[in-house]
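Colleague: Sharing a structure below in structure tokens format, with a few things to ask.
The values are calculated or read from the model by the stated rules, or taken from the named source; none is laboratory data. Owing to the predicted nature of the structure, the values given are computational and were not obtained by experimental measurement. Methodologically, a virtual Cβ is constructed for each residue, glycine included, from the backbone with ideal geometry; neighbour enumeration extends over all protein chains shown.
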Amino acid sequence: MTSACQDPFLCGVHLAVFSQPYLDLVLTGEKKIESRFSRNRCAPFDEIRKGDIILLKEVSGPVCGIALASRIWFFDLDNEPIEAIRQQYGGAILAGDEFWLQKEESSFATLIELTNPTSIEPLAFDKRDRRGWVSLRPRQMELF
């Protein structure tokens, strides 16, 4: 796996929780862009960067994959209509009409182009909260 992050100690590491069939679609490379919408500014918004490592976890299950973030887009939905995002990126996000209807009340969106998705041996991860995204080690770019 190649990364834009030259120093692995400075790369961000994130845990992304997926339901099926989206986890399998990511792991097979069919789902090219992961989207995270929220009403509040929360991870991964403005936290993930190109080259960061993303651990892929199944809802109520183990970490079973890994991918790299290759391109990132952040949207303030007060300034960018969600329909424009759907038109431009919807084909790579692989979400249906119900998904987009549920996201209409969101204020922020993060789109992450995933590269090199790879299945790994299932790894137990004791996560008990309901967050769908956790920045385990945010990138420390601002220190340099």
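Colleague: Is it true that some residue in the range 71-87 is closer than 17 Å to D52 by Cβ, surrounded by fewer than 16 Cβ atoms within 10 Å (Cβ to Cβ) and not aromatic (F, W, Y)?
Modeller: Yes, the range 71-87 has at least one match.
Colleague: Could you identify the single residue in S70, S35, S106 that is among the polar types (S, T, N, Q) and part of a loop (DSSP other than H, G, I, E, B)?
Modeller: S106
Colleague: Another question, then. Hey, can you tell me all the residues within the range 76-90 that are assigned to a helix (DSSP H, G or I) and in contact with a helix residue (DSSP H, G or I) (Cβ under 9 Å, 6 or more places away or on another chain)?
Modeller: Within the range 76-90, I82, E83, I85, R86, G90 qualify.
Colleague: Going by the conditions given, is P122 at pLDDT below 95 and more than 16 Å from Y22 (Cβ to Cβ)?
Modeller: Spelling it out, it is not the case that P122 is at pLDDT below 95 and more than 16 Å from Y22 (Cβ to Cβ).
Colleague: Among (1) among the basic types (K, R); (2) more than 14 Å from the chain's Cα centre (by Cα); (3) modelled with pLDDT of 95 or more, there is one condition R71 misses while meeting the rest; what is its number?
Modeller: It is condition (2) that R71 fails.
Colleague: Scan the range 91-103 residue by residue and report those that are in contact (Cβ under 8 Å) with a residue 24 or more places away in the chain and not in a loop (DSSP other than H, G, I, E, B).
Modeller: Across the range 91-103, the qualifying residues are A92, I93.
Colleague: Would you pick out the residues in the range 38-65 that are farther than 12 Å from V134 by Cβ, among the charged types (D, E, K, R) and not in a loop (DSSP other than H, G, I, E, B)?
Modeller: E58
Colleague: Hey, can you tell me all the residues within the range 104-127 that are surrounded by 13 or more Cβ atoms within 10 Å (Cβ to Cβ), aliphatic (A, V, I, L, M) and more than 14 Å from the chain's Cα centre (by Cα)?
Modeller: Answer for the range 104-127, where residues must be surrounded by 13 or more Cβ atoms within 10 Å (Cβ to Cβ), aliphatic (A, V, I, L, M) and more than 14 Å from the chain's Cα centre (by Cα): just I120.
Colleague: Looking at the range 26-42 only, could you name the residues that are hydrophobic (A, V, I, L, M, F, W, C) and surrounded by 21 or more Cβ atoms within 10 Å (Cβ to Cβ)?
Modeller: Answer for the range 26-42, where residues must be hydrophobic (A, V, I, L, M, F, W, C) and surrounded by 21 or more Cβ atoms within 10 Å (Cβ to Cβ): V26, F37.
Colleague: Here is a follow-up. Tally the residues that are surrounded by fewer than 21 Cβ atoms within 10 Å (Cβ to Cβ) and either of a type in the set (D, E) or within 11 Å of the chain's Cα centre (by Cα) (or both), restricting the search to the range 44-65.
Modeller: Here the count works out to 7.
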